[in-house]
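As structure tokens, the structure follows; a few thoughts come after it.
The values are calculated or read from the model by the stated rules, or taken from the named source; none is laboratory data. No experiment lies behind these values; they were computed from the predicted model shown. All Cβ positions, even for glycine, are placed from backbone atoms using ideal geometry, and neighbour counts span all protein chains on display.
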There are 2 protein chains.
Amino acid sequence: MQDTKPKSKARERIVDTALRLFYSDGINSVGIDRIIAEADVAKMTLYNHFKSKDDLILAVLQRRDAIFFQFFDEQIEKGASKKGGRLGGFFTALKKWFSAPEFRGCMFINTAAEIADCNHPAFQYSVDHKKRFNDLLADAIKASAPDAPAQVVPAIELIVEGSIVTAVMQHSPKPADQARKATRQLLGETWLDE
Amino acid sequence: MQDTKPKSKARERIVDTALRLFYSDGINSVGIDRIIAEADVAKMTLYNHFKSKDDLILAVLQRRDAIFFQFFDEQIEKGASKKGGRLGGFFTALKKWFSAPEFRGCMFINTAAEIADCNHPAFQYSVDHKKRFNDLLADAIKASAPDAPAQVVPAIELIVEGSIVTAVMQHSPKPADQARKATRQLLGETWLDE
DNA sequence: CGCAACATAGACAGACCTGTATATTTTTAA
DNA sequence: TTAAAAATATACAGGTCTGTCTATGTTGCG
């Protein structure tokens with residue numbers, strides 16, 4: 001019973017549809033009318049579940065966050081028993097993420113770029129997501145290379161962040177491989193990658 | 001006479017104003033009416049110089065690109081005679097950029113996030129800008145650490161890109177220092193930093 | 001001067017946006 | 001079965017958006 005009970009099927013359809021559209025086209029480019037049309041719900045159903053578009057945006061980001069960490073947690077766990085360890089699993093996840101046909105970068109970076117106002121709840125939630133993502137990465141580094149100097153952690157965090165943005169701009173998953181190689185350069189023999 | 005002659009003062013005011021507003025608030029959040037009000041020009045003046053908003057967006061990105069590279073070229077050149085060399089100048093530029101009060105990340109990353117459509121001229125121009133930015137960085141690395149292995153170049157490119165995004169999310173210029181340190185970790189004794 | 005190029009104000013079309021109001025139907029659960 | 005809860009369709013208010021049209025005013029220059 002650790003599963004979140006679906007408050008309603010209509011609500012789920014709204015959030016899932018909005019997530020897909022916001023991610024592919026950008027938040028500001030997707031109107032309420034399009035969301036309700038593709039989710040096949042009435043406009044009042046949406047406004048009964050969410051008091052405003054901003055409210056929906058936040059719900060969408062929370063859903064995205066849950067899906068995102070579920071995927072990464074799973075991939076990291078899978079890597080735990082393999083050669084590269086948890087950190088290897090992390091980079092496998094990164095590569096898979098970048099290789100998805102619908103990949104369009106990090107939704108939270110994109111949201112911050114669009115929202116602009118750093119006091120907006122969606123912006124602040126995005127900042128918080130990034131913090132938790134960096135913590136996840138730091139844990140994986142610690143697990144796979146416990147003897148690595150502490151200073152490599154922020155370095156690898158920058159590398160990973162850079163790889164996400166670069167994968168979007170180059171429309172290619174290769175930056176995931178570059179990030180893995182760059183990380184291996186930094187960790188050297190303290191990490192037994194592949 | 002390497003200076004681009006101003007086609008008209010009104011046009012310059014339009015581009016400068018649009019650049020400031022697009023950068024601070026995002027392209028989609030800034031309407032034509034606001035641009036002409038703050039640039040203090042008539043709407044027809046804008047549409048006589050630019051056939052559409054998309055056309056203006058492209059002109060704005062080109063202006064941003066020119067200003068951006070002028071600044072980086074200058075800072076890199078200044079660094080050439082100092083301890084860290086051209087690469088040191090590059091990181092000084094990065095730190096100054098992040099420290100500006102109006103800093104809101106890389107306009108081209110932000111544009112790509114907002115535009116979403118990778119066939120849009122503004123998206124493609126942004127991709128091109130990134131390529132030239134990476135070339136600039138690669139040249140600085142080559143100049144300051146000629147004996148460094150070739151593989152460090154993409155690694156440092158990712159670090160720099162990551163530092164830009166992270167500086168926005170953390171609302172702090174510190175990632176510039178982290179990027180410099182991470183680069184020093186990679187280059188080691190082949191780069192005589194500070 | 002006089003003319004052409006540039007800039008102005010302001011109204012307006014037509015589309016799209018968020019959010020609300022109303023009245024009806026379907027679903028759920030006691 | 002029946003009453004409450006949820007979802008429906010549809011119209012609409014009030015705002016914003018890009019882009020056009022017209023008619024007038026200003027400015028630079030030969």
- Message: For the range B:37-71, give me each residue that is more than 26 Å from A:A112 (Cα to Cα) and touching a residue at least 12 places away in the same chain (Cβ under 8 Å).
- Response: B:A39, B:D40, B:V41, B:T45, B:L46, B:H49, B:F50
- Message: Can you confirm whether B:E194 is surrounded by fewer than 21 Cβ atoms within 10 Å (Cβ to Cβ) and closer than 18 Å to B:Q75 by Cα?
- Response: yes
- Some residue of the range B:24-43 being of a type in the set (S, T, N, Q), in a helix (DSSP H, G or I) and away from DNA strand D (no atom under 13 Å from the Cβ): yes
- Note on the structure: Checked B:A182, B:A145 against criteria (more than 10 Å from every other protein chain (Cβ to nearest Cβ), of a type outside the set (S, T, Y) and buried (at least 19 other Cβ atoms within 10 Å of the Cβ)); the one match is B:A145
- Is it the case that some residue within the range B:65-79 is basic (K, R) and over 13 Å from the mean Cα position of the chain (by Cα)? yes
- Task: Give the residue that is surrounded by the fewest Cβ atoms within 10 Å (Cβ to Cβ), with candidates limited to residues of the range A:28-57 that are among the hydroxyl-bearing types (S, T, Y) and near DNA strand C (Cβ under 8 Å from one of its atoms).
- Result: A:S52
- What do you reckon, is B:S126 of a type in the set (S, T, Y) and either in contact with a Lys or Arg (Cβ under 9 Å, 6 or more places away or on another chain) or more than 10 Å from every other protein chain (Cβ to nearest Cβ) (or both)? no
- Exclusive hit being more than 16 Å from DNA strand C (Cβ to nearest atom) and within 13 Å of another protein chain (Cβ to nearest Cβ), set B:F69, B:F103: B:F103
- Task: Answer yes if at least one residue in the range B:47-68 is at pLDDT 95 or above and at positive phi, and no otherwise.
- Result: no
- Failed criterion for A:R64 (all others in (1) of a type in the set (D, E, K, R); (2) away from DNA strand C (no atom under 16 Å from the Cβ); (3) within 14 Å of chain B (Cβ to nearest Cβ) hold): (3)
- Message: Looking at the range B:158-179 only, could you name the residues that are of a type in the set (D, E, K, R) and facing another protein chain (nearest Cβ under 7 Å)?
- Response: B:E161
- Item | Residue, farthest from A:I164 (Cα to Cα), within the range B:139-160, restricted to residues that are touching a residue at least 12 places away in the same chain (Cβ under 8 Å) and among the charged types (D, E, K, R) | B:D147
